[in-house]
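Below: one structure, written as structure tokens.
The values are calculated or read from the model by the stated rules, or taken from the named source; none is laboratory data. If you're wondering where the values come from, they're calculated on a predicted model, not measured in any experiment. Cβ placement follows ideal geometry from the backbone for every residue including glycine, while neighbour counts extend to all protein chains displayed.
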Amino acid sequence: MSKIVCCCPCPWLEALCERLCNSSKKNLEPPTQIPEPDAGEIYTALWPFKARADDELSFQDGEQFRIYKREGDWWTAFKLDRTGKVSAKGVVPKNYLARRQTVKEQPWYFGTLDRFETQNLLMAPGNGVGAFLVRQSEKNHIGCVLSVVISDREVKHIKIHENQNGSFHLDPSEMFESLEMLVEHYRREQLRSGIRLTRPCARPEPKPQDLSHQTVDDWELPKEEFTLEEKLGSGYFADVYRGKWKGMVNVAIKILKKNESLNQRDFLLETQILKKLRHKHLITLFAICTSSVPFYIITELMEKGNLLSFLRGEEGRDLKALTLIEMASQVADGMAYLEEQNSIHRDLAARNVLVGANDICKVADFGLARIVKEPIYSTSDQKIPYKWCAPEAISHGTFSIQSDVWSFGVLLYEMFSYGGVPYPAFSNHEVFKMISSGYRLPAPNKCPSHIYDIMLMCWKDSAVERPHFTELKTLLENLWITESSHDTSDPAGGVS
Ligand code: ADP
């Protein structure tokens with residue numbers, strides 16, 4: 001689907017030609033956008049990509065590009081052939097590219113990555129002992145870290161020291177001018193642990209944040225562009241299917257059930273806001289289909305379904321407390337972003353968190369609670385999820401980010417009881433009476449005491465005394481660091 005540049009091998013002439021030819025058309029590039037012949041840095045593709053729209057470029061990993069225009073997540077670029085001549089011009093996803101002749105181009109350099117994600121990536125089948133990556137720790141003061149598989153269960157994280165003169169070392173007796181030289185050295189010579197670096201960690205392909213660059217602004221799409229495949233689940237409000245957009249991009253298709261209670265205008269306005277919310281721990285909204293009922297909501301697909309069923313299933317039952325802490329900190333991270341955006345969830349619970357590859361957790365159904373669920377909740381007392389609701393939300397309908405914090409406490413209870421039901425023996429009204437008179441859920445079996453302390457903080461009577469999500473995130477991350485340094489023999493245990 002690439003657009004072939006037929007006559008002008010030079011980017012500058014090509015741009016000028018195109019500008020002259022199209023001078024009567026709208027949306028012309030302003031003159032300042034015409035690149036100099038050699039302007040624009042060269043980037044290398046790290047993964048292959050298949051174009052999804054006419055003006056996007058398909059490419060293979062290793063192909064090179066000169067960037068023409070940077071705009072959001074999609075850049076306009078000239079594809080270069082082996083001799084460096086322009087062979088095509090089109091739009092490319094920026095997260096598939098790395099700047100040439102920088103460390104970012106190296107197959108072992110993973111950019112900013114936390115320790116949990118690193119371990120998950122390195123422990124994936126196919127890596128094996130000696131597989132490694134170099135990353136920037138999420139904690140600024142730690143800087144660069146070499147993470148390497150040292151046994152079938154263990155990853156070692158070693159801080160890479162950078163000197164003021166720009167050299168790098170693991171051990172002050174051996175200095176290297178660049179990270180590349182350091183890595184090459186430890187591919188030949190053993191690390192202190194006796195392990196030699198073997199292959200770079202397998203690198204998962206990034207997921208574009210949009211179906212294509214054309215759906216960044218135009219995301220009210222016709223239903224015909226989607227095909228339904230297997231049914232993934234069914235809730236009170238929607239049936240959810242695995243599906244495809246234009247037969248090529250995997251998506252989740254949520255078909256709303258109670259369309260009569262929806263106002264199309266409100267729905268469009270609300271989704272407009274949701275579309276702008278982007279965070280690695282929030283489900284990405286790709287598109288909506290509202291030209292006829294039932295409405296569709298199209299989101300990214302999460303392979304392992306909802307967290308509640310996951311925790312109750314085979315894989316979830318075996319999770320260690322350390323992994324649960326990490327997953328909870330991911331949810332807190334997504335919620336901290338919503339908090340920062342002045343958005344509230346209103347229905348935070350394990351059933352509304354989705355789990356993907358490498359056990360990554362993403363908060364789903366945010367915002368939509370008001371427009372899709374509230375009309376139904378308010379018409380039937382039985383449907384209000386009382387057991388997750390803060391007392392002020394039940395008594396006065398006061399939903400806020402602080403009432404979401406209460407729900408997060410209940411979500412922690414669900415996680416550390418491996419999908420247990422809160423207040424199992426009580427009705428909604430009994431629960432409201434009990435919590436109003438000071439009763440709180442007991443700690444689940446084997447729940448770390450620090451985690452139960454966090455639950456109790458979330459269930460403070462007074463909303464303003466509850467912690468913010470940013471604080472919850474930090475508390476959980478610190479707890480994870482402390483627990484993981486007990487859990488490993490890694491001498492660089494503080495490296496995260
Ligand atoms: P409702 O809002 O009606 O409760 P949900 O949005 O919770 O419906 O979806 C029902 C079920 O479908 C979920 O519990 C989950 O198992 C599955 N599901 C929903 N969205 C996705 C998704 N993006 N990827 C994978 N599975 C999903």
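Which one is nearest to ARG135 (Cα to Cα), of the residues in segment 176-222 that are β-branched (Val, Ile, Thr) and in a helix (DSSP H, G or I)? Top of the filtered list is VAL183.
Of the residues making up segment 299-318, those that are away from the ligand (no atom under 16 Å from the Cβ) and touching a residue at least 40 places away in the same chain (Cβ under 8 Å) number 1. With respect to the conditions (1) away from the ligand (no atom under 13 Å from the Cβ); (2) under 30 Å from SER212 (Cα atoms); (3) touching a helix residue (DSSP H, G or I) at 6+ places or on another chain (Cβ under 9 Å); (4) among the hydrophobic types (A, V, I, L, M, F, W, C), VAL353 falls short on a single one, namely (1).
Which residues, taken from segment 228-237, are free of Cβ contacts under 8 Å to residues at least 60 places away in the same chain and either surrounded by fewer than 14 Cβ atoms within 10 Å (Cβ to Cβ) or within 10 Å of the ligand (Cβ to nearest atom) (or both)? Once the filter is applied, which keeps residues that are free of Cβ contacts under 8 Å to residues at least 60 places away in the same chain and either surrounded by fewer than 14 Cβ atoms within 10 Å (Cβ to Cβ) or within 10 Å of the ligand (Cβ to nearest atom) (or both), segment 228-237 yields GLU229, GLU230, LYS231, SER234. Summed over segment 77-86, the residues that are under 19 Å from PRO48 (Cβ atoms) and either assigned by TED's automatic domain parsing to the domain that holds HIS279 or surrounded by 17 or more Cβ atoms within 10 Å (Cβ to Cβ) (or both) give a count of 4. Within segment 311-319, is even one residue surrounded by 18 or more Cβ atoms within 10 Å (Cβ to Cβ), within 23 Å of PRO206 (Cα to Cα) and either touching a strand residue (DSSP E or B) at 6+ places or on another chain (Cβ under 6 Å) or assigned by TED's automatic domain parsing to the domain that holds GLU340 (or both)? No, the conditions are met nowhere in segment 311-319.
Going by the conditions given, is LEU282 within 14 Å of the ligand (Cβ to nearest atom), farther than 14 Å from PHE366 by Cα and hydrophobic (A, V, I, L, M, F, W, C)? So LEU282 fails the test.
VAL293 meets all of the listed conditions (1) more than 15 Å from the ligand (Cβ to nearest atom); (2) out of contact with any helix residue (DSSP H, G or I) (no Cβ under 7 Å at 6 or more places or on another chain); (3) without any contact (Cβ under 8 Å) to a residue 60 or more places away in the chain but one, namely (2). State the number of residues belonging to segment 238-273 that are near the ligand (Cβ under 10 Å from one of its atoms) and not in a strand (DSSP E or B). Adding up the residues that qualify gives 2. Of the residues contained in segment 110-129, one or more are found to be touching a Leu at 6+ places or on another chain (Cβ under 8 Å) and closer than 15 Å to GLU180 by Cα.
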